Every structure is written in structure tokens, then in C-alpha cells.
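Working notes for the structure below.
No value in this document is a laboratory result; all are computed from the given coordinates. Remember, predicted model here, so these are calculated numbers, not experimental data. Reconstructed Cβ throughout: ideal geometry from the backbone, glycine too, with neighbour counts over all protein chains shown.
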């Protein structure tokens, strides 16, 4: 090789080295790509406006395991609850609507709402307290149901979201003295918390300035296979209760606590909801299926497991823990397909079930039932947890 060739090769090597160094410098000066932002724990969006122009918001909470719950301050309604199945696939497992106007227009199914001042039925729409008789709205035949014509499910609550730890939403409402016929001004707080253990925790509290009655609950309809996916008759249910409150043909408790043993109401071990729902049984005929209060084994007011539900295909499991003495199991008997829910799904008979933790129906008129009386200086306080898993 001649000297000229050697000099040319040397120049080319030098140019390549300079190019490599220059490119390295360029890359070293460029900003590294930004990591994707973690989703916010809680977000607020406009859900709609009431006829008077007031605004209803939608609050969506997310935990560290991708579970998601959406709640509107209109009625405190749980509009969506998305949780994984055994393969990790997500589905919304509560029935409801896509927009505020449908919730306002419906007004009778109570999808996902806070129920008050008194959840469930009060016979003949009246009760006596301290010797005085109080008349309530008879919005369920001759009886009173779920707080009256405009219960807590139909009002706007003041919302306070909090994302400092596990995301939570605190809702507050002041029910005026005489509202829907109830005595006393009742100051109510309901706090929803989405824990990293895939729990929706609901804490209810209230105070009053006069003797009154109070019995709050949540009226979510569940389908663990996914809202609108079909009926819930194959869901397996366990209820930790050896008795239930027998009812008359108006679904008002007779005052008698009946044993569940050897009846269609025995869910002491896993049993499909549909296994005996069609049996020739007087109580089932009255309810057109299950619409009954179960007397929970735990009666000490401490948080304890009350109900376990499992949907076999998805593997989803829901456990209900509560401090309350009872739970109303309702098998969606009055859904008739006339309501088009989320995604345009028609909600037909038994497409969802409710587990409403509570004091017993008609307790104000049944002195042997646990008391629902709240006095000034006292504190109404109760907690219910809906815990989700999959296996």
C-alpha cells in the first residue's frame, strides 16, 4: 500500500470518529423520554344539570390495582364500579345509566343511590315517636318506601373529594325538620373510600336536633358478570343469617323472625340465587322472588362478614361486611326490560341483585326490633364494605 492510500484511510477513520463523537454528544444533550403519568386517584367531570340549572358532578376514584368507582353527588349514586375478573379483564358490575337525565327521569329503581331518611318500608306510611304520630308519603301502595317521594336519592349533596391517601369522596346533606314528614333537622355525612384492597368502604354518620328515626343504606344493583350481561340466577350466595323477617303480602314485616333452615332462604352454604327462587313458597310469592331482610348472625355492631357472592364464569367474588344487624336481599324482581341502561342494555327481570345493609324494615312500628331512634347529642354511625376479588 502506498503512502497516499495510507493517508486517505487515516483521514476517513478520523472523519468517522468525529461523526460518532458528535452524534454521541447530540444524544447525550437530548432529554430522555418522559415516563407516562400515573392516573389521578380522583377526577371530577360534569355529569349534567338539574332543571333549575344546578350542576351535578361525577367523581371517579382509582386505586393502585386499577379498580375504578364513579359516584355522582346527585343522590350519592354509584354509577360505575369496574373490577377485574380471574384473567384480569375489567367489567362494570353495577347497573345504572350513562347520563344524569336518565337517573332523574327514572326515579323508582334507586340504582346505586344513598337511601334515606329511612331505607326500606314503613307500614301504612306512619309511625309514633314519643307519643306523637307522624305521617309519611305513601309512595309504595299504602306504605312508605326509601324515604318518600323525594328521598336522599333525589337531592344534590355537597361533595368533598380527597386524594391525599386512598381516594375518598365525602358527601354531606342537611335534611330539614319536617322533610318528607320526618321530625328533626338531620345532618348527614356519607363517605365513600376506595381502598387498595379493592374495597368500596361506605361510612354513614348523622346527627339531629330532635328525636327522629334514621336508617341509611346504599341501593346498588350488582351483576358480577357485568352490567347488562344477563340474569344473576347462577350467582352463588352465602348469607350469614339463621333467621329472616317474615313479611305480609305488602312486604311489611309481621314481627316474626323465621328460621331459614329447610327453606328457600337458607344460604348458609353456597347456593345459586336461582336454585329455589321459583319454589311454591308463600314468602317468595309475596316478594315475587327474594325481597326480604335477613337477620344477620352478628348483632354486636362490629364490622363483620355478612354476605359472600361468587360468579363462577368470571371468578369475581364480592364480600359484604357491615356493622348493621340486617341486610335486604333483593333479586331484581321488578326489573322488566323497559329501562335501557348503560350501553343501551335493557335491564330485564333479575338482571341485578341488591344487598342493602340496614336496620329492619318497619322498625319504628316494631318495638322488638333493634331501635332506629336517634336523639340530640347522639351519633348515628354505621359502616359497610363491599370487597372484591377474583379466583
>> Assuming 0.36 nm per residue, please report the length gained on full extension of the stretch residue 242 to residue 285 beyond their Cα-Cα distance.
In response: 13.4 nm
> Can you pull the semi-axes for segment 118-261, root of five times each eigenvalue of the Cα gyration tensor, sorted largest first, whole Å?
Replying inline: 28, 26, 14
> In nm, what is the difference between 0.36 nm times the number of residues separating residue 249 and residue 128 and their Cα-Cα distance?
Replying inline: 41.3 nm
>> Given axes a ≥ b ≥ c from the Cα gyration tensor, I'd like to know whether segment 221-304 is rounded (a/c under 1.5), prolate (a/b larger than b/c) or oblate.
In response: oblate
> With a ≥ b ≥ c the root eigenvalues of the C-alpha gyration tensor of segment 160-227, is it rounded (a/c under 1.5), prolate (a/b larger than b/c) or oblate?
Replying inline: oblate
>> How large is the translational diffusion coefficient of segment 133-184 in µm² per second when you combine the Kirkwood radius over alpha carbon pairs with Stokes-Einstein at 4 °C and 1.567 mPa s?
In response: 99 µm²/s
> If you average the sequence gap of Cα pairs under 8 Å that are 6 or more apart and divide by the length of the chain, what percent do you get for the contact order?
Replying inline: 16 percent
> To the nearest 10 degrees, how steeply does helix 3-29 sit against the main Cα axis of the chain, on a 0 to 90 scale?
Replying inline: 20 degrees
>> Counting only helical runs of four or more DSSP H residues, what would the 222 nm mean residue ellipticity of the chain come to if each run contributes -39,500 (n - 2.57) and the total is spread over all its residues?
In response: -3500 deg cm²/dmol
> Can you sort 249, 266 by how many other beta carbons sit within 10 Å, fewest first?
Replying inline: 249, 266
>> Could you give the length gained by full extension between residue 170 and residue 336, i.e. 0.36 nm per residue of separation minus their alpha carbon distance, to one decimal place?
In response: 56.4 nm
> With a 10 Å Cβ neighbour count serving as the proxy for reagent exposure, in which order, fewest first, do 277, 122 appear?
Replying inline: 277, 122
> Between 190, 69, 155, which gets the highest mean-square fluctuation from a Gaussian network model of the chain, Cα cutoff 10 Å?
Replying inline: 155
> residue 55 label point, 7 Å along Cα→Cβ, cut-off 18 Å on backbone N: hits in segment 69-89?
Replying inline: 71-76
> Taking springs between alpha-carbon atoms closer than 10 angstrom, which of 141, 123, 184 fluctuates most in the Gaussian network model of the chain?
Replying inline: 141
>> Please list, in order, the residues from segment 207-230 whose amide nitrogen is less than 16 Å from a point placed 7 Å along the Cα→Cβ vector of residue 45.
In response: none
> In what order do 60, 263 fall by count of nearby beta-carbon atoms within 10 Å, going from fewest to most?
Replying inline: 263, 60
> Hey, rough spin-label estimate for residue 66 and residue 234, points 7 angstrom out along Cα→Cβ, what's it come to in nanometres?
Replying inline: 2.4 nm
> Picking from 274, 289, 377, which is most flexible by a Gaussian network model of the chain using Cα springs under 10 Å?
Replying inline: 377
>> When a/c reaches 1.5 or more, the comparison of a/b and b/c decides; with that in mind, is segment 35-91 rounded, prolate or oblate per its Cα gyration tensor?
In response: oblate
> To one decimal place, what Kirkwood hydrodynamic radius in Å is obtained for the chain from all pairs of distinct Cα atoms?
Replying inline: 22.9 Å
> Any idea what % of Cα-Cα pairs in segment 204-358 are farther than 18 Å?
Replying inline: 60 percent
> Spin-label point model (7 Å from Cα, Cβ direction): what's the residue 106 to residue 346 distance in nm?
Replying inline: 1.6 nm
